[in-house]
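See structure below.
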Amino acid sequence: EGSRETGLVLISSLDLVETLMNTNKWVEMFECIVSVASTVEVISNGSDGSRNGSLLLMQAEYQVMSPLVPIRQVKFLRYCKQHGDGLWAVVDVSYDLNRKNENL
(Lines give C-alpha, C1' and ligand atoms only; values in the text may rest on other atoms or scores of the structure.)
Protein backbone atom coordinates (compact mmCIF):
# COMPACT_ATOMS: atom_id res chain seq x y z
CA GLU A 1 0.00 0.00 0.00
CA GLY A 2 1.37 3.42 -0.82
CA SER A 3 0.59 6.88 -1.97
CA ARG A 4 2.33 9.65 -3.82
CA GLU A 5 1.31 13.21 -4.46
CA THR A 6 2.83 16.17 -6.20
CA GLY A 7 1.37 19.62 -5.75
CA LEU A 8 1.89 23.27 -5.03
CA VAL A 9 1.52 24.58 -1.48
CA LEU A 10 1.59 28.16 -0.23
CA ILE A 11 4.39 27.77 2.31
CA SER A 12 8.16 28.08 1.99
CA SER A 13 10.02 24.83 1.38
CA LEU A 14 11.98 25.21 4.63
CA ASP A 15 8.79 25.74 6.65
CA LEU A 16 7.14 22.73 5.03
CA VAL A 17 10.17 20.52 5.71
CA GLU A 18 10.26 21.69 9.34
CA THR A 19 6.54 20.94 9.69
CA LEU A 20 6.92 17.42 8.31
CA MET A 21 9.98 16.65 10.46
CA ASN A 22 8.50 18.03 13.72
CA THR A 23 5.74 15.75 15.03
CA ASN A 24 3.92 18.49 16.95
CA LYS A 25 3.78 20.76 13.89
CA TRP A 26 2.86 17.81 11.66
CA VAL A 27 -0.10 16.83 13.87
CA GLU A 28 -1.21 20.47 14.00
CA MET A 29 -1.12 20.87 10.20
CA PHE A 30 -2.89 17.56 9.50
CA GLU A 31 -5.15 17.38 12.57
CA CYS A 32 -8.04 15.86 10.59
CA ILE A 33 -5.88 12.88 9.56
CA VAL A 34 -3.13 12.47 12.18
CA SER A 35 -4.46 12.15 15.73
CA VAL A 36 -1.22 11.32 17.57
CA ALA A 37 2.42 11.24 16.48
CA SER A 38 5.81 10.97 18.11
CA THR A 39 9.46 10.57 17.23
CA VAL A 40 10.65 7.22 18.57
CA GLU A 41 14.31 7.71 17.65
CA VAL A 42 16.46 10.27 15.87
CA ILE A 43 18.75 8.10 13.76
CA SER A 44 20.44 11.00 11.98
CA ASN A 45 20.18 14.73 12.69
CA GLY A 46 21.14 15.77 9.19
CA SER A 47 24.09 17.89 8.18
CA ASP A 48 25.26 21.46 8.64
CA GLY A 49 22.46 22.28 11.08
CA SER A 50 19.76 21.64 8.47
CA ARG A 51 17.27 18.80 8.01
CA ASN A 52 19.23 17.56 4.98
CA GLY A 53 19.97 13.88 5.62
CA SER A 54 17.70 13.61 8.67
CA LEU A 55 16.36 10.14 9.39
CA LEU A 56 13.70 9.64 12.06
CA LEU A 57 11.86 6.59 13.36
CA MET A 58 8.31 7.83 13.96
CA GLN A 59 4.96 6.44 15.01
CA ALA A 60 1.50 7.84 14.39
CA GLU A 61 -2.21 7.15 14.58
CA TYR A 62 -4.16 7.97 11.43
CA GLN A 63 -7.88 8.56 11.47
CA VAL A 64 -10.50 9.02 8.79
CA MET A 65 -13.69 10.93 9.48
CA SER A 66 -15.82 7.79 9.24
CA PRO A 67 -17.06 5.37 11.91
CA LEU A 68 -16.51 2.54 9.41
CA VAL A 69 -12.74 3.03 9.18
CA PRO A 70 -10.73 2.12 12.30
CA ILE A 71 -7.79 4.16 13.57
CA ARG A 72 -4.51 2.88 12.11
CA GLN A 73 -1.32 2.76 14.15
CA VAL A 74 1.83 2.91 12.05
CA LYS A 75 5.55 3.00 12.63
CA PHE A 76 7.76 4.35 9.85
CA LEU A 77 11.10 5.84 8.91
CA ARG A 78 10.98 9.43 7.62
CA TYR A 79 13.95 10.62 5.56
CA CYS A 80 14.59 14.18 4.41
CA LYS A 81 16.93 15.12 1.55
CA GLN A 82 17.67 18.47 -0.07
CA HIS A 83 18.13 18.20 -3.85
CA GLY A 84 18.77 21.85 -4.61
CA ASP A 85 17.99 25.37 -3.49
CA GLY A 86 14.39 25.18 -2.25
CA LEU A 87 13.95 21.61 -3.56
CA TRP A 88 13.40 18.94 -0.90
CA ALA A 89 12.14 15.36 -0.72
CA VAL A 90 10.58 13.84 2.40
CA VAL A 91 9.97 10.09 2.16
CA ASP A 92 8.21 7.72 4.56
CA VAL A 93 9.01 3.99 4.57
CA SER A 94 6.94 1.53 6.61
CA TYR A 95 8.63 -0.07 9.59
CA ASP A 96 7.31 -3.46 10.73
CA LEU A 97 5.69 -3.19 14.18
CA ASN A 98 5.96 -6.96 14.66
CA ARG A 99 9.74 -7.15 14.30
CA LYS A 100 11.34 -9.31 16.97
CA ASN A 101 14.60 -7.36 16.80
CA GLU A 102 13.91 -3.67 17.41
CA ASN A 103 17.47 -2.71 16.44
CA LEU A 104 17.84 -0.99 13.10
Revision key, fill the gap. Listed by range, strands (runs of 3 or more DSSP E) wholly within the stretch 1-85 having at least 1 residues that are farther than 21 Å from TYR95 by Cβ are 72-84
Review point. Taking the stretch 45-68, which residues are under 19 Å from THR19 (Cβ atoms), small (Gly, Ala, Ser) and free of Cβ contacts under 8 Å to residues at least 12 places away in the same chain?
Key: GLY49
Review point. Quick check: anything in the stretch 74-96 in contact with a His (Cβ under 9 Å, 6 or more places away or on another chain), of a type outside the set (Lys, Arg), surrounded by fewer than 16 Cβ atoms within 10 Å (Cβ to Cβ) and without any contact (Cβ under 8 Å) to a residue 40 or more places away in the chain?
Key: yes
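Condition check ((1) under 16 Å from the mean Cα position of the chain (by Cα); (2) charged (D, E, K, R)) across all residues:
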| position | (1), (2) |
| --- | --- |
| GLU5 | yes, yes |
| ASN22 | yes, no |
| ARG51 | yes, yes |
| MET58 | yes, no |
| LEU68 | no, no |
Study note, to complete from the structure: The lone condition SER38 fails out of (1) of a type in the set (Ser, Thr, Tyr); (2) under 21 Å from ASP96 (Cα atoms); (3) out of contact with any helix residue (DSSP H, G or I) (no Cβ under 6 Å at 6 or more places or on another chain) is (3)
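Answer yes or no as to whether VAL69 is modelled with pLDDT of 95 or more, at negative phi and out of contact with any helix residue (DSSP H, G or I) (no Cβ under 9 Å at 6 or more places or on another chain). Outline the logic, then answer.
Numbers: modelled with pLDDT of 95 or more: no; at negative phi: yes; out of contact with any helix residue (DSSP H, G or I) (no Cβ under 9 Å at 6 or more places or on another chain): yes.
So VAL69 fails the test.
The values are calculated or read from the model by the stated rules, or taken from the named source; none is laboratory data. Values in this document were obtained by computation on a predicted structure and should not be read as measured data. Heads up, the Cβs are rebuilt from the backbone with ideal geometry, glycines too, and the neighbour counts pull from every protein chain shown.
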